Amino acid sequence: MTLVGERISCPLGAWRGEPGKCQLCNQLIGSSRRRTWCSNNCAREWQRNHIWRFARSAAKRRAKYHCQQQGCTAERRDCEVNHISARNGGGYGPGCHHHLSPDQNGVGGLEVLCRAHHAKVTAAQAKARAQARQIVREKLAAEKKTVKKVKPVRPVKKSATKQKLNK
Ligand SMILES: [Zn+2]
Ligand SMILES: [Zn+2]
Ligand SMILES: [Zn+2]
């Protein structure tokens, strides 16, 4: 999806593509110096939720630089930012996958974890992915087997058909 397309469909924004309006809050842009956002507030708000380096520091700030796993005793500032819905090779380019908070279905969002917890969570996510892949592989293998079980249809010999017809 293009960045503009994503701004139109972004659940955090009110903009639906009308020119001359703020691409976050959809207010009419008053200043002739501005094109995309009505204010620095809207520009920053959008950056915080769509540009990785801004989203990452905003998530850390929000968590007060502490690991968010319950009972974790890691030191302040021992923190990294994790995509709750794993990027799964999706990259870190700008987009709605950097939203700070999960959506209404609980999908997405960022969490702050210490290095140890981050490694643990990432490993669990990788394991879940591998398991999902394994299930797909097994399903495909099972499908192949059933295909093999079906007897190939032998082409009917012309002579045999003739003989039948002649009877
Ligand atoms: Zn605005
Ligand atoms: Zn968005
Ligand atoms: Zn931790």
- Message: Just to be sure before I move on: is H97 assigned by TED's automatic domain parsing to the domain that holds C67 and either within 13 Å of ligand 3 (Cβ to nearest atom) or in contact (Cβ under 8 Å) with a residue 24 or more places away in the chain (or both) in the structure I sent?
- Response: no
- Query: Among the residues of the range 38-86 satisfying the criterion of being in a loop (DSSP other than H, G, I, E, B) and within 20 Å of M1 (Cβ to Cβ), which is farthest from ligand 1 (Cβ to nearest atom)?
  - Reply: A86
- closer than 19 Å to V121 by Cα, part of a helix (DSSP H, G or I), out of contact with any Gly (no Cβ under 6 Å at 6 or more places or on another chain) and not basic (K, R): does that describe H97? yes
- With the condition kept exactly as written, say whether any residue in the range 83-102 is away from ligand 2 (no atom under 14 Å from the Cβ) and either among the acidic types (D, E) or in contact with a Ser or Thr (Cβ under 9 Å, 6 or more places away or on another chain) (or both). yes
- Task: Starting from residues that are surrounded by 14 or more Cβ atoms within 10 Å (Cβ to Cβ) and small (G, A, S), keep the ones in the range 32-51 and report whichever is farthest from ligand 3 (Cβ to nearest atom).
- Result: S39
- For E111, all conditions in the list (1) among the acidic types (D, E); (2) in a helix (DSSP H, G or I); (3) touching a strand residue (DSSP E or B) at 6+ places or on another chain (Cβ under 8 Å) hold save one; what is the number of the exception? (2)
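The values are calculated or read from the model by the stated rules, or taken from the named source; none is laboratory data. Just so you know, these numbers come straight off a predicted model, no measurement behind them. In this analysis, Cβ positions are derived from the backbone assuming ideal geometry, glycine residues included, and neighbour counts consider all displayed protein chains.
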